[in-house]
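S.K.: Could you have a look at this structure, given as structure tokens, before my questions?
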Amino acid sequence: MPLPHIVNHNPATVHSPAGGYCMGLELTQHRRLLFISGQVPERPDGSVPEGFEAQCEQAWRNVKAVLAAAGLGVDHLVKVTTFLTDRAQLVSNRTIRRAMLGDHQPALTVMVAQTVNSKWLLEIEAIAAE
């Protein structure tokens, strides 16, 4: 599937992004949008991995599975919101996100919040465009 025409906006008058994202992302042409509901760190059998890193990787696998079901990949992501349950997860989250996205830098928000199920240490929602 073709990628949308994406223009990153990182103005010099705003602090530089420090985590593999852009301040603003403009789609000048696209054919469709995919809104990905919050993906929790559950495997297809409903089990939840132990530890933050394993849960973060599982949540990203779930995001990628939804993208693949729509015929898209991580390069189509234009906005990602990650909800962590502890500030101590920030560095691991950034490292895993960068590994999952490679050089792609969507618009990004990371928040610390409480998840619906206390077993889940994070949740990731996203928007993709083609």
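S.K.: Would you mind finding the one in ARG94, ARG98 that is out of contact with any strand residue (DSSP E or B) (no Cβ under 9 Å at 6 or more places or on another chain) and open to solvent by 60 Å² or more (accessible area, probe 1.4 Å)?
M.R.: Only one candidate qualifies: ARG98.
S.K.: Quick check on my filter: what residues within the stretch 1-26 are under 18 Å from the mean Cα position of the chain (by Cα), open to solvent by 60 Å² or more (accessible area, probe 1.4 Å) and either farther than 12 Å from LEU72 by Cα or at pLDDT 80 or above (or both)?
M.R.: Passing the criteria: ASN8, ALA18, MET23, GLU26.
S.K.: Within the stretch 101-125, can you find the residues that are of a type in the set (Val, Ile, Thr) and in a loop (DSSP other than H, G, I, E, B)?
M.R.: THR115, VAL116
S.K.: Could you list, in sequence order, the residues of the stretch 42-55 that are of a type in the set (A, V, I, L, M, F, W, C) and either more than 16 Å from ALA99 (Cβ to Cβ) or without any contact (Cβ under 8 Å) to a residue 12 or more places away in the chain (or both)?
M.R.: Within the stretch 42-55, just VAL48 meets the criteria.
S.K.: While we're looking at this one, here's another question. Kindly provide the set of residues from the stretch 76-94 that are farther than 20 Å from VAL40 by Cβ and at pLDDT 95 or above, ordered by number.
M.R.: Correct list: VAL91 only.
S.K.: Considering (1) polar (S, T, N, Q); (2) in a strand (DSSP E or B); (3) open to solvent by less than 50 Å² (accessible area, probe 1.4 Å), say which one GLN89 fails and leave the rest.
M.R.: Of the numbered conditions (1) polar (S, T, N, Q); (2) in a strand (DSSP E or B); (3) open to solvent by less than 50 Å² (accessible area, probe 1.4 Å), the odd one out for GLN89 is (2).
S.K.: Residue by residue through the stretch 26-70, note down the ones that are closer than 29 Å to PRO11 by Cβ and of a type in the set (S, T, N, Q).
M.R.: If the condition is that a residue be closer than 29 Å to PRO11 by Cβ and of a type in the set (S, T, N, Q), then THR28, GLN29 are the ones that fit.
S.K.: From GLN29, GLN39, GLN58, grab the single residue that is without any contact (Cβ under 8 Å) to a residue 24 or more places away in the chain and either farther than 11 Å from ILE124 by Cα or surrounded by 15 or more Cβ atoms within 10 Å (Cβ to Cβ) (or both).
M.R.: GLN58
S.K.: To continue, here is another question. Only one of these is open to solvent by less than 70 Å² (accessible area, probe 1.4 Å), in contact with a strand residue (DSSP E or B) (Cβ under 6 Å, 6 or more places away or on another chain), more than 14 Å from SER37 (Cα to Cα) and among the β-branched types (Val, Ile, Thr): VAL110, VAL63, VAL74. Name it.
M.R.: When all the criteria are applied, what remains is VAL110.
The values are calculated or read from the model by the stated rules, or taken from the named source; none is laboratory data. Treat the numbers as computed from the prediction; the structure is a model and nothing was measured. When we count neighbours, we look across all protein chains shown, and the Cβ atoms used for this are built from the backbone with ideal geometry, even at glycine. Just the protein is used for accessible areas: all its heavy atoms, side chains included, with ligands, DNA and RNA removed. Shrake-Rupley method; radii C 1.70, N 1.55, O 1.52, S 1.80 Å.
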